[in-house]
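Chemist: Just passing along the structure, written as structure tokens.
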Amino acid sequence: MAVSLLSKLRCITVDVTGTLIAYKGELGDYYCMAAKAIGLPCPDYKRVHEGFKLAYTDMAQKYPCFGFHAKMPNIVWWKTCVRDSFVKAGYEYDEETFEKIFRRIYSTFGSAAPYSVFEDSRPFLRWARSKGLIVGLVSNAEYRYQEVILPALGLTKAEWDFGVFSGIEGIEKPDPRIYKLALERAGNIAPEEVLHIGDSMRIDYAPAKSIGMHALLLDRFKTEAAKDWTEAGAIVLPDLVAVQQLLESDKLKC
């Protein structure tokens, strides 16, 4: 006989960016502020944003997991990425000028300043723990998320039990091994006892399901891809309030 999913769960894992937190403003805002802070004109927002996408993709391919396997310091990884972002956007600065700009950018993105926490994030995590569930975070993020950024945003160990961050572990989504590592961190529990919540079919839903975990997706920003997710069989919900309501309704069976 089918029983409710919530009654069988021992753990919920959650993606971070786009699921629990979001960026405030645009990338160009922060690059512009860094330039203005040392008396330079603002770089073109669109060009810098496009330059960053190219530079980030290139760095992620050459030195995945923020340089983990190359033993590249986090700050060196980001310095190369930021420099290439400007160069690809058509801006080149002398070393002294770039160092001043970079230090401001690196400091900003290592703080709570560019991020906001969705209103339902903290209540949902606390609800999950009140139900006796282990709560884990699984994110393609660097070490500062765990050690600085999330605590500064108020997402402390009062809300989650463990984190699996690609920049610390050397494994990144969609590699199923990062989800297997989450199972280990949760106490070597069975995948069918875990629900993963994320915002990407490719790096959240598919790999979690591939190892036997339950999974669902959030579509906070009404993306065009959400229709495809639903057609592919995924449960797609607008926010974590809806996730909690669905779990408590016992409509999800296993």
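Chemist: Only one of these is at pLDDT 95 or above and either within 17 Å of Ile21 (Cα to Cα) or hydroxyl-bearing (Ser, Thr, Tyr) (or both): Leu237, Leu246, Leu216. Name it.
Modeler: One residue alone meets the criteria, Leu237.
Chemist: Six or more apart or on different chains, Cβ under 7 Å: which pairs go from a residue in region 233-254 that's touching a residue at least 24 places away in the same chain (Cβ under 8 Å) to one that's assigned to a loop (DSSP other than H, G, I, E, B) and not hydrophobic (A, V, I, L, M, F, W, C)? Could you list them?
Modeler: As it stands, the answer is Asp239/Asp120; Asp239/Arg220; Leu240/Asp120; Val241/Asp120, since those pairs meet every condition given.
Chemist: To continue, here is another question. Restricting the first residue to region 182-203 and requiring it to be farther than 20 Å from Leu5 by Cα, which pairs with a second residue that is among the acidic types (Asp, Glu) meet a Cβ separation below 8 Å and a spacing of at least six or different chains?
Modeler: If the second residue must be among the acidic types (Asp, Glu), the pairs left are Asp199/Asp15; Asp199/Asp219; Ser200/Asp15; Met201/Asp228.
Chemist: Here's a follow-up. If you go through region 45-68, how many residues are touching a helix residue (DSSP H, G or I) at 6+ places or on another chain (Cβ under 8 Å) and either surrounded by fewer than 14 Cβ atoms within 10 Å (Cβ to Cβ) or not in a helix (DSSP H, G or I) (or both)?
Modeler: Number of matching residues: 3.
Chemist: Is it fair to say Thr108 is loosely packed, with under 14 Cβ neighbours inside 10 Å and either without any contact (Cβ under 8 Å) to a residue 12 or more places away in the chain or under 20 Å from the mean Cα position of the chain (by Cα) (or both)?
Modeler: Answer is no for this residue.
Chemist: Further question: Identify, please: which residue in region 161-170 is over 14 Å from the mean Cα position of the chain (by Cα) and touching a residue at least 60 places away in the same chain (Cβ under 8 Å) and is, among those, farthest from Pro64 (Cα to Cα)?
Modeler: Across region 161-170, the extreme among qualifying residues is Glu169.
Chemist: Sticking with this structure for a sec: Can you pull out every residue in region 203-224 that is surrounded by 15 or more Cβ atoms within 10 Å (Cβ to Cβ) and hydrophobic (A, V, I, L, M, F, W, C)?
Modeler: Of everything in region 203-224, those that are surrounded by 15 or more Cβ atoms within 10 Å (Cβ to Cβ) and hydrophobic (A, V, I, L, M, F, W, C) turn out to be Ile203, Ala206, Ala208, Ile211, Met213, Ala215, Leu216, Leu217, Leu218.
Chemist: Could you please find all residues in region 214-232 being of a type outside the set (Ser, Thr, Tyr), in contact with a strand residue (DSSP E or B) (Cβ under 8 Å, 6 or more places away or on another chain) and free of Cβ contacts under 8 Å to residues at least 60 places away in the same chain?
Modeler: Ala215, Leu216, Leu217, Asp219, Ala226, Trp229
The values are calculated or read from the model by the stated rules, or taken from the named source; none is laboratory data. In this text, all values refer to a predicted model and were calculated from it rather than measured experimentally. Backbone-built Cβ (ideal geometry, glycine too); neighbour counts: all protein chains shown.
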